[in-house]
Amino acid sequence: VFDFDETNFENYDIIIDERCDKYPEYEKFDLYTTKIRLCVYKNSPLCGEKLTLKQLSNHPFVSIGENSSMQKILINACKDAGFTPNIVVQSNDISCNRKFVDAGIGIGLSREYPNSEKSENVEYLNVTDFNKTQTICCYFRKESVFGNVEHFLNFIRHSL
C-alpha cells in the first residue's frame, strides 16, 4: 500500500517506512539512511551555484503527496528558512514527479540512495543550509514472524 492517509496498521505484518513512532506495537530494524537532496533540471541557472534555502523562496517546487514525509521535510525546512514553498505540482506518483523536475517545472526533493544513479537530466543543488537525512526502517509484528513473513524478514536483513 502506498497511501499517506492509511491509519489501520493492524492489517499489516510488515511496514516499510521512515523511522517514526507511528507503530508502537511493532518491532523494527533499520534498512538504510539516505541523504535528502534538492534537485533541478540540469540546465537550470541554479546549477553550480552555492545557495541557501531562502534564496529558493521565489522558485516553484514539485512535491510528493501532502501527508508524505518528503513534503513534511520540505515544508519544515522552508519554514525554518522563513518562507512557505510554492508547490506547483503535487503527486503521489514518484516517477511522475521526477518527470516534472526533468522537464524544468520546479525544484524537487530526491533521496540520494547508495549506489543509485539519478536521472541524467537532473542535478543536485548545493544548498548549504539544507542537510537532511532519512532513515528507512522495517517494522514487523513479532507474533507474525513465522513462515513466509519470517523468510521475507530474514531475506531483507541479510540483503543489507
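The values are calculated or read from the model by the stated rules, or taken from the named source; none is laboratory data. Computed from a prediction, not measured in an experiment: that's the story for all the values here. Here the Cβ is made from the backbone with ideal geometry for all residues, glycine too, and neighbour counts use every protein chain on show. Each accessible area value is taken on the protein alone, full model and side chains, heavy atoms only, with ligands, DNA and RNA left out. Shrake-Rupley method; radii C 1.70, N 1.55, O 1.52, S 1.80 Å.
Please tell me if I105 is under 30 Å from G82 (Cβ atoms) and either of a type in the set (A, V, I, L, M, F, W, C) or part of a loop (DSSP other than H, G, I, E, B) (or both). Taking the combined requirement at face value, the residue satisfies it. Just one of the numbered conditions (1) under 20 Å from K35 (Cβ atoms); (2) in contact with a helix residue (DSSP H, G or I) (Cβ under 7 Å, 6 or more places away or on another chain) is not true of L160: (2).
Taking the stated definitions as given, is F83 in a loop (DSSP other than H, G, I, E, B) and open to solvent by less than 30 Å² (accessible area, probe 1.4 Å)? Full working, then the answer.
On the way: in a loop (DSSP other than H, G, I, E, B): yes; open to solvent by less than 30 Å² (accessible area, probe 1.4 Å): yes.
For F83, the condition - in a loop (DSSP other than H, G, I, E, B) and open to solvent by less than 30 Å² (accessible area, probe 1.4 Å) - is met.
Only one entry in T52, T34 is modelled with pLDDT of 95 or more and either touching an Asp or Glu at 6+ places or on another chain (Cβ under 8 Å) or within 25 Å of A103 (Cα to Cα) (or both), namely T52.
In segment 40-74, which residue that is among the hydroxyl-bearing types (S, T, Y) and not in a loop (DSSP other than H, G, I, E, B) is nearest to I87 (Cα to Cα)? Top of the filtered list is S63.
So if I check each of R37, R98, which one is assigned to a strand (DSSP E or B), over 28 Å from N148 (Cβ atoms) and within 19 Å of the chain's Cα centre (by Cα)? Write out each step before concluding.
Numbers: R98 fails: assigned to a strand (DSSP E or B).
The match here is R37.
Do you know which of the residues in segment 76-97 that are in contact (Cβ under 8 Å) with a residue 24 or more places away in the chain and small (G, A, S) is farthest from Q134 (Cα to Cα)? Among residues in segment 76-97 that are in contact (Cβ under 8 Å) with a residue 24 or more places away in the chain and small (G, A, S), the one farthest from Q134 (Cα to Cα) is G82. Restricted to segment 86-116, and to residues there that are closer than 17 Å to G65 by Cα and small (G, A, S), the residue that is most open to solvent (accessible area, probe 1.4 Å) is S95. Against the numbered list (1) touching a Leu at 6+ places or on another chain (Cβ under 6 Å); (2) under 21 Å from S119 (Cα atoms); (3) modelled with pLDDT of 90 or more, M70 comes up short only at (3).
Looking only at segment 133-160, count how many residues are under 30 Å from P45 (Cα atoms) and either open to solvent by less than 30 Å² (accessible area, probe 1.4 Å) or modelled with pLDDT of 95 or more (or both). It would help to see each step written out before you state the result.
Of all residues in segment 133-160, those under 30 Å from P45 (Cα atoms) come to 133-134.
Narrowing the set further to residues that are either open to solvent by less than 30 Å² (accessible area, probe 1.4 Å) or modelled with pLDDT of 95 or more (or both) leaves 134.
Going through segment 133-160 one residue at a time, the tally reaches 1.
Each residue in segment 20-32 was checked for being open to solvent by 80 Å² or more (accessible area, probe 1.4 Å) and in contact (Cβ under 8 Å) with a residue 40 or more places away in the chain, and 3 of them qualify.
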